[in-house]
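Right, one structure below, let's go through it.
Quick note: the coordinates plus some simple rules give every number you see, no bench work behind them. The shown structure was predicted, so the numbers you read here are calculated from the model rather than taken from an experiment. Counting neighbours? That spans all protein chains shown, and the Cβs are built from the backbone with ideal geometry, glycine included.
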Amino acid sequence: MNTIELKKTITALLTEGKGLLAMDESNPTCNKRFAQNGIPQTEEVRRAYRELILTTPGLNDFISGAILYDETIRQLADNGKTFISILNDLGIVPGIKVDMGAKELAGYPGEKVTEGLDGLEARLNEYVRLGARFAKWRAVITIGENIPSRGCIQANAHALARYAALCQQADIVPVVEPEVLMDGDHSLEQCFEVTQEVLRMVFNQLNEQRVALEYMILKPNMVLPGINCLKQDSINAVADATITCFLRTVPAAVPGIAFLSGGQPYELASARLNAMNLRYRSRLPWALTFSFSRAIQQPALEIWKGQKENKSAAQQALYHRARCSSAARLGEYNASIENDATFPLTL
Ligand code: 13P
């Protein structure tokens, strides 16, 4: 394990005022989002969309790292440059999703386990050769009647820990993502209990597998009420619950926490991250940043609709959400930033 290399990657990813852009949707997920917006679901259109994202003027003012997908990491922009070299030129660290998706967990109806450990060492080595410096693995935990089970949490935590150990061995920073889904009508308190149990198990397993906590990033959910819960708690209540939960469960050795957005309305994702930084920043052992997909990309995708003439307006929307997320990472997000549509350059 080359700790100097790992530390360099972590420092770059956790640059003040910047965060991660998840653009690693698997083909089925990307196609689903395209279909919702009437966009053709082909490899070329996925490539054009990812090029739109990566050529957004000013993106690197707010984004420190971008997570790619197996198809995307091999693709080229119109000018013949690889996406990886575009990222490197921008000073954005290239990352890669390495899990193979969440599959039904045998014996546990309604629950999932993430697959992808078989052959992972060889895949990581190939991604390193292609230029990736960090990787992501997502586990999903569902809250419902009598779930999540301990067996499901344990299986996912174990896989996350095995993945993280393999990443560090390959000099890749693991981004460890145990996502407690916001689907359902559960309360904030239920999400708190489940997230606490999941994070305890994840760190137990990370320790069992001898993962060096100094050289990883945690990518968790915020502690939130379910999307269908009648009581939607305030921004500050979410910030307080999330920080309380993490202070109990996330060791101080972990350098950074980069939140997923999980399908929250994008303004709320910004406002909640902002509240955590504003209220707690000076008292926390870890940096609090973002690793959003939908909360950065969604408005851009809706504007683009796969049409060339919408490209600049879509980039403007992407730039705006990246800027709002960056302000939230600094605890400086407010209504005037949300309403300011400044865009640095036109194409
Ligand atoms: P969302 O921000 O849309 O939840 O995506 C984050 C992610 O990378 C999921 O794995």
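Give me log10 I(q)/I(0) at q = 0.14, 0.15, 0.22 Å⁻¹ for segment 284-331, Debye formula, one equal scatterer per alpha-carbon, no solvent.
After summing over all Cα pairs, the log10 values are -0.39, -0.44, -0.73.
Could you tell me the ratio Rg/Rh of segment 99-217? Both radii from Cα atoms, Rh via Kirkwood.
0.99
Indicate, rounded to the nearest 5 percent, the antiparallel portion of the DSSP beta bridges found entirely in segment 122-240.
Percentage antiparallel, nearest 5: 10.
Starting from segment 11-101, pick out the GluC sites (Glu not before Pro) whose DSSP state is loop and whose Cβ has at most 15 other Cβ atoms within 10 Å.
Loop-located and lightly packed - Glu16.
Only bridges with both residues in the chain count here: give the DSSP antiparallel percent, nearest 5.
If we restrict to bridges inside the chain, about 15 percent are antiparallel.
Over the Cα atoms of the chain, what Rg and Dmax result, in angstrom?
18.9, 55
Once you place label points 7 Å from the Cα toward the Cβ at Gln36 and Glu309, how far apart are they in nm?
Label at Gln36, label at Glu309, 2.6 nm between them.
Report Rg/Rh for segment 67-161, rounded to two decimals, where Rg is the Cα radius of gyration and Rh the Kirkwood radius.
Expressed as Rg/Rh, it is 1.11.
Quick one: Cα convex hull volume of segment 80-130, Å³ per residue?
106 Å³
Using +1 at the C-beta of Lys and Arg and -1 at the C-beta of Asp and Glu, which of Ile227, Asn274, Gly262 has the Cα lying farthest in the positive direction of the dipole of segment 165-283?
Sorting the options by dipole projection puts first Asn274.
Cα-Cα pairs above 19 Å in segment 241-341: how many percent?
Percentage above 19 Å: 45.
What per residue convex hull volume, in Å³, comes out for segment 245-285 when only alpha-carbon positions are used?
Spelled out: Cα convex hull of segment 245-285, divided by residues, is 78 Å³.
Put +1 on the Cβ of every Lys and Arg and -1 on every Asp and Glu Cβ in the chain; which of Ile141, Ala314, Phe192 then has its Cα farthest towards the positive end of the dipole?
Ala314
Can you give me the P(r) profile for segment 156-288? Cα pairs, bins 5 angstrom wide beginning at 0, each as a whole percent.
Per 5 Å bin, starting at zero, the Cα-Cα P(r) for segment 156-288 comes out as 2, 11, 20, 24, 19, 13, 8, 2, 0, 0 percent.
Just add up the charged neighbours of Phe192: K/R +1, D/E -1, any other residue whose Cβ is under 11 Å from the Cβ of Phe192.
Every neighbour counted, the sum reads -4.
To the nearest 20 debye, what is the magnitude of the charge dipole of segment 126-231 about its Cα centre, counting +1 on the Cβ of each Lys and Arg and -1 on the Cβ of each Asp and Glu?
Value, rounded to 20: 360 debye.
So how strong a dipole does segment 209-274 carry about its Cα centre when Lys and Arg Cβ are +1 and Asp and Glu Cβ are -1, to the nearest 20 debye?
Charge dipole, segment 209-274, about its Cα centre: 180 debye, nearest 20.
Scan around Ala139 for amide H atoms under 5 Å from its own, H built in the peptide plane at 1.01 Å from N, and keep only partners 5 or more places away or cross-chain.
It is Glu177, Glu179, by chain and number.
Restricting to segment 1-123, compute how many DSSP beta bridges are antiparallel as a %, nearest 5.
So the antiparallel bridges amount to about 35 percent of the total.
Could you give me the ³J(HN,Hα) list for segment 159-175, computed from phi with Karplus coefficients 6.51, -1.76, 1.60 and θ = phi - 60°, whole Hz, x at Gly and Pro?
Calculated HN-Hα couplings, in order: 5, 4, 6, 4, 4, 5, 5, 5, 4, 4, 4, 8, 6, 10, 6, x, 9 Hz.
Students often check this: by mean Cβ neighbours within 10 Å, which of 331-343, 105-117 ranks highest, and how do the rest follow?
Highest-to-lowest ranking by the protection proxy: 105-117, 331-343.
Work out the FRET efficiency for Glu16 and Asn334 from their Cβ-Cβ distance, taking R0 = 22 Å, and round it to the nearest 0.05.
Step by step, r from the Cβ atoms, then E = 0.75.
Would you list, by chain and number, the lysines whose Cα falls below 30 Å from the Cα of Lys97, excluding same-chain residues fewer than 8 positions away?
By straight Cα distance, Lys97 reaches Lys7, Lys8, Lys18, Lys32, Lys81, Lys112, Lys136, Lys219, Lys305, Lys308, Lys311.
What's the magnitude of the charge dipole for the chain around its Cα centre, counting Lys and Arg as +1 and Asp and Glu as -1 at the beta-carbon? Answer in Debye, nearest 20.
I would put it at about 500 debye.
What's the ranking of 264-273, 216-225 by average number of surrounding C-beta atoms within 10 Å, highest first?
The packing order, highest mean first, is 216-225, 264-273.
Starting with the highest mean, order 144-151, 311-318 by the number of other Cβ atoms within 10 Å, averaged over the residues of each peptide.
Listed from highest to lowest mean packing, they are 311-318, 144-151.
Picking from Ala22, Met1, Thr72, whose Cα lies most toward the positive end of the charge dipole for segment 1-94 (charges on Cβ: Lys, Arg +1; Asp, Glu -1)?
Met1
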